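The values are calculated or read from the model by the stated rules, or taken from the named source; none is laboratory data. Computed from a predicted structure; not experimentally measured. Cβ placement follows ideal geometry from the backbone for every residue including glycine, while neighbour counts extend to all protein chains displayed. The area values use the complete protein model at the heavy-atom level, side chains included, leaving out ligands, DNA and RNA. Shrake-Rupley method; radii C 1.70, N 1.55, O 1.52, S 1.80 Å.
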Amino acid sequence: MVQAYILVQTEVGKAASVASEIGGLPGVVSAEDVTGPYDVIVRAEADDVDELGRLVVARVQSVNGITRTLTCPVVKLS
């Protein structure tokens, strides 16, 4: 299982609708509105890195109102 945080920038005023839509996608564990340089933080999981990539490119980035994403895979250092 691969897990990642996806940091999302949205168009002005679109954070709530983007978070709501992303939150319903398969593979998304949570999608929260936040303040700061990003507008939404998504927690996602997939069986492997390729599936995670498909989730981000084919599903998350196709949501209306998103201007940029940054995917941060979770690593286990111990």
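Reported count of residues in region 16-32, each being over 11 Å from VAL63 (Cα atoms) and in contact with an Asp or Glu (Cβ under 7 Å, 6 or more places away or on another chain), is 3.
Scanning region 66-78 for residues that are part of a loop (DSSP other than H, G, I, E, B) and open to solvent by 80 Å² or more (accessible area, probe 1.4 Å) yields VAL75, LYS76, LEU77, SER78. Look at region 50-73 and say how many of its residues are in contact with a Ser or Thr (Cβ under 9 Å, 6 or more places away or on another chain) and more than 26 Å from VAL12 (Cβ to Cβ). The total comes to 2. Scanning region 25-32 turns up one or more residues that are under 17 Å from ARG68 (Cβ atoms), at pLDDT 95 or above and touching a Leu at 6+ places or on another chain (Cβ under 9 Å). Of all residue pairs spaced 6 or more apart or on separate chains, those with beta-carbon atoms under 9 Å, a first member in region 20-38 that is without any contact (Cβ under 8 Å) to a residue 60 or more places away in the chain and a second member that is polar (S, T, N, Q) and open to solvent by 80 Å² or more (accessible area, probe 1.4 Å) are GLU21/ASN64; ALA31/SER20. Among the residues of region 11-65, those that are open to solvent by less than 40 Å² (accessible area, probe 1.4 Å), in a helix (DSSP H, G or I) and closer than 20 Å to VAL75 by Cα comprise LEU52, GLY53, LEU55, VAL56.
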